[in-house]
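Report on one structure; see the data block that follows.
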Amino acid sequence: MKCKFKTILVLSVAAIILVSCCNELDEPTGYDTQQLVIHVEGELPNREGIEVKVTDSRGMIFVRPTDMQGTATFEVPVGIYQATVSHVSHPIEGWRTIYNGSVSNLVVRYNKPLSVTLPLTAATSSSVIIRELYVGGCQKDDGSGWFYRDKYVILANNSGERVSLPGLCLAICTPYNSYGINMNYDESGHLNYESEGFIPAASSFWYFQGDEVVFEPWEQRVIALNGAIDHTLTYTNSVNLARPEYYCTFDIEQYNSTSAYPSPSEAIPTSHYLKAVRYGDQMESAWPLSNTSPAFFIFTPPEGMTPLEFGNDASQVWYDEGRALSTFACRKVPVDHILDAVEVFSTAWDEATKRLTSAVDVGAVYMTARQGHSVERRIDEAESTRQGHTVYQDTNNSTNDFVEREQCSLH
């Protein structure tokens, strides 16, 4: 009798759950489809041909382009959906506009078509992007450990237009690693600087020399972030960063670690040295760029300011974790001056917390350190075919835009 009672009880509970689910969506079967209409809104020069992606709670994806009125119409099974848009305009004189937006918890019920509005936010930025970031180091030849003083980044002009920038800077966000406790979130679960429209540049930043930085059409620049020398002479798994066309971060007056910054190769002209502006922990001997999971970004200084003036402007100070100490000092970089960013999470840690806001990067890419891996931007095959040149994907979403390489491209 006890077993029979338990069986009846279990079946009763299951029936209640099933009825509840059906009542929630008014769904007699799991195979009925209904109309879902998404209206895209925003300051768009052209509303036609914008790709709208709709995803259900099980990961099923539907994609439709918008019509001339900015409307995308779907036929989907009843369920709960999220609609997203990441649309990039064609570059004009080396500048493009990225339109992003999402709307969640769209409940499509049986016999009840649903129509919703999806507002888009616009961010205008240069075509200069981060093509590849290598920071995790490689294994030593004798198997005794790993070598990590061979970091580099590759920047690229992702267009056939010449781009002129009033300064160009490299920065990292705080905390330096993606894992651990991030004290910069408020009670509502948002980064406390998100509403103020800036990203904190932690500790210091590097900048190109000269009043203007010019990228020719499709030009790419390799910047050695440590050791602008041929590291393969010591470690065959490493990279050669001693080529005359390369750039490097080298400012021995600001950072005096000779292991992180040995004298650059004589092949690299001194005009290719990036200089540092320091305002954080003066005890550090090298830029605290994470070996496992940096939040890395590039920016131009605010209007009317040189990189040096911006870095030394005390009115732009912001303190990590709210601690008013030099160790935690950052500079507030306006999001509309950030050209590109990549948020990296470590595969060695289960936990990871975003540091870059959605206005800059709505996703993240995972990377394994110590094995010669890098993160590299995906190629936009359709746009590459259209332009007859390699064009990289750029939607301000590192999850979609970047992929982990098992061997960095310069190896």
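Over 20 Å apart: what share of the alpha carbon pairs of segment 28-124 falls there, rounded to a whole percent?
Value for segment 28-124 (Cα pairs over 20 Å): 37 percent.
Would you work out the charge dipole size for the chain about its Cα centre, treating the Cβ of every Lys and Arg as +1 and the Cβ of every Asp and Glu as -1, and quote it to the nearest 20 debye?
1200 debye
For the chain, what are the per-bin percents of Cα-Cα distances with bins 20 Å wide, up to the bin holding the maximum?
24, 50, 21, 5, 0
Taking the chain as the reference, fit the longest principal axis to its C-alpha atoms, fit the long axis of helix 2-25 to the helix C-alpha atoms, and give the angle between the two in degrees, 0 to 90, nearest 10.
Roughly 70 degrees, rounded to the nearest 10.
Highest first, please rank the peptides 378-389, 252-263 by the mean number of other Cβ atoms sitting within 10 Å of their residues.
Result, highest mean first: 252-263, 378-389.
Viscosity 1.002 mPa s, temperature 20 °C: what is the translational diffusion coefficient of segment 59-209 from Stokes-Einstein with a Kirkwood Rh over Cα pairs, rounded to a whole number of µm²/s?
105 µm²/s
Placing +1 at every Lys and Arg Cβ and -1 at every Asp and Glu Cβ, with all other atoms neutral, what dipole size does segment 38-95 have around its Cα centre, in debye to the nearest 20?
240 debye
Explain nothing, just compute: Karplus ³J(HN,Hα) = 6.51 cos²θ - 1.76 cosθ + 1.60, θ = phi - 60°, for every residue of segment 292-298 in order, whole Hz, x for Gly and Pro.
10, 7, x, 10, 10, 8, 10
DSSP beta bridges in the chain, what fraction antiparallel, as a percent rounded to 5?
85 percent
Could you work out the relative contact order of the chain, using alpha carbon pairs under 8 angstrom and six or more residues apart, expressed as a whole percent?
Rounded, it is 16 percent for the chain.
Please give the net charge around HIS190, taking every other residue with its beta carbon less than 13 angstrom from that of HIS190, where Lys and Arg add +1 and Asp and Glu add -1.
Overall, the nearby charge balance is -2.
How large is the Kirkwood hydrodynamic radius of segment 267-366, counting all unique pairs of alpha carbons, in Å?
Mean inverse Cα-Cα distance, inverted, gives 15.6 Å.
Beta carbons within 10 angstrom, averaged per residue: use that to sort the peptides 225-232, 116-123, 349-356, highest first.
Averaged packing, sorted descending, gives the order 225-232, 349-356, 116-123.
I need the peptides 95-108, 161-174, 289-302, 236-249 ranked by packing, meaning the mean over residues of other C-beta atoms within 10 angstrom, with the highest value on top.
Highest-to-lowest ranking by the protection proxy: 289-302, 161-174, 236-249, 95-108.
For segment 343-375 and segment 255-277, what is the separation of their Cα centres, given in Å?
27 Å
Every read-out reported here was derived from the displayed coordinates using simple, explicitly stated rules and does not represent laboratory data. On a predicted model such as this, the values are computed, not experimentally measured, just so you know. Glycine also receives a Cβ, built like all others from the backbone with ideal geometry; neighbour counts cover every protein chain displayed.
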